[in-house]
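K.L.:
Before anything else, here's the structure in question.
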Amino acid sequence: MDAKPEPLTINVVSDVVCPWCYLGKRRLEAAIRESGEAPVTVRWRPFQLDPSLPPGGVERKAYMRAKFRDEAQLKAIHERLTAMGAEVGAAYAFDKIEWAPNTLDAHRLIRWAQAGDQQNALVERLFRLYFEEGQNIGDRATLIAAARECGMDGDEVAKKLATDDDIEAVKADVAEAHAVGVTGVPFFIFASRFAVPGAQATETLVEAIAQARAAKTGVETV
């Protein structure tokens, strides 16, 4: 009997307030479906688009106005993302988002979810909470509720969030991402061999999966 193939590990560097990361998640899921039945393990790695945000976050409209200044440009970006999201099942509702959170606690939670194989479910829930429901995912009560929905121990999560547990570990992971050249997200790393930056087309991700499965050594950027 043939041995089962080892799962292909895909590390995704992302931030849960990055709309392109939500789009990239959907495109990666489609690529995995198109790539056959060989097993795939997806791991989520932290990145912070703006680590300077205060722990409680800030009002989003004012924050985005200061960041983009041109409201017409921001509207065009939102409309483009909404159209692309509709094609892959990401129902952006930017008008519902009232708060721009600091995502450090969210990344701590995602880190803890890996132990129970709940990362994918949790990341999905956080994206939906923020981009489709307009919830503040910097709020610890929201994070605890999301953890419970995904099968985690909410009481344990609450206790850990009240401490400094894994704050430095998450910051170190973010620093490592910068050190290896990640300047924007999403950033996909296939089997530690092929790196694909950005929310690329599904076809590009399918090709990267195929190359990663076939490759033996080296690191390339598709």
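Every number here is computed from the coordinates shown, using simple stated rules; none is lab data. Predicted, not measured: the structure shown is a model, and the values here were computed from it. Methodologically, a virtual Cβ is constructed for each residue, glycine included, from the backbone with ideal geometry; neighbour enumeration extends over all protein chains shown.
K.L.:
With a 4.7 Å Cβ cut-off, tell me which Cys residues in the chain come up empty for a partner.
P.N.:
C150
K.L.:
Something else: Looking at the chain, identify the longest residue range that excludes and avoids all trypsin sites (Lys or Arg not before Pro) in DSSP loops having at most 10 other Cβ atoms within 10 Å. It would help to have the intermediate numbers written out before the result.
P.N.:
Values: sites that count: R69, K216.
It works out to 70-215.
K.L.:
Sticking with this one: Run the numbers on the chain and let me know its relative contact order in percent, using alpha-carbon pairs under 8 Å that are six or more apart.
P.N.:
For the chain, the relative contact order is 29 percent.
K.L.:
Subtracting the Cα-Cα distance from 0.36 nm times the residue separation, let me have the gained length for E87 to R148 in nm, one decimal. Walk me through the intermediate numbers first.
P.N.:
On the way: separation 61, 0.36 × 61 = 21.96 nm, distance 2.97 nm.
Result: 19.0 nm gained on full extension.
K.L.:
Just to confirm the filter: which chymotrypsin sites (Phe, Trp or Tyr not before Pro) across segment 109-152 are DSSP coil and have at most 15 other Cβ within 10 angstrom of their Cβ?
P.N.:
On the way: sites: W112, F127, Y130, F131; in loops: none.
Sites meeting the loop and neighbour criteria: none at all.
K.L.:
Just in segment 63-112: which GluC sites (Glu not before Pro) are loop by DSSP and have at most 12 other Cβ atoms within 10 Å? Working shown, then result.
P.N.:
Numbers: sites: E71, E79, E87, E98; in loops: E98.
Hits after loop and neighbour filter: E98.
K.L.:
What percent of all Cα-Cα pairs in the chain falls into each 5 Å bin, going from 0 up to the bin containing the maximum distance?
P.N.:
1, 7, 14, 18, 20, 17, 12, 7, 3, 1, 0, 0, 0
K.L.:
So if I place +1 on the C-beta of Lys and Arg and -1 on the C-beta of Asp and Glu, and nothing else carries charge, what would the dipole magnitude of the chain be about its Cα centre? I want it in debye, nearest 20.
P.N.:
For this selection, approximately 320 debye.
K.L.:
Moving to a separate point now. How much length is gained on full extension from T183 to R69, taking 0.36 nm per residue of separation minus their Cα-Cα distance? Write out the running numbers ahead of the final one.
P.N.:
Details: separation 114, 0.36 × 114 = 41.04 nm, distance 2.21 nm.
Full extension of this stretch gives 38.8 nm more.
K.L.:
Quick check: convex hull of the Cα atoms in segment 16-95, volume per residue, rounded to a whole Å³?
P.N.:
On the way: hull volume 8.7 nm³, N = 80.
About 109 Å³ per residue, rounded to a whole number.
K.L.:
If you look for lysine pairs in the chain that are eight or more places apart or on different chains, how many of them have Cα atoms under 15 Å apart? Working shown, then result.
P.N.:
On the way: K61/K75; K61/K96; K67/K75; K75/K96.
Close lysine pairs found across the chain: 4.
K.L.:
Right, something else. Where does the charge balance sit around E156 when Lys and Arg score +1, Asp and Glu -1, over other residues with C-beta under 14 Å from its C-beta? Could you put the intermediate results ahead of the total?
P.N.:
Numbers: positive: R108, R111, R140, R148, K159, K160; negative: D153, D155, D165, D166.
So the surrounding residues net to +2.
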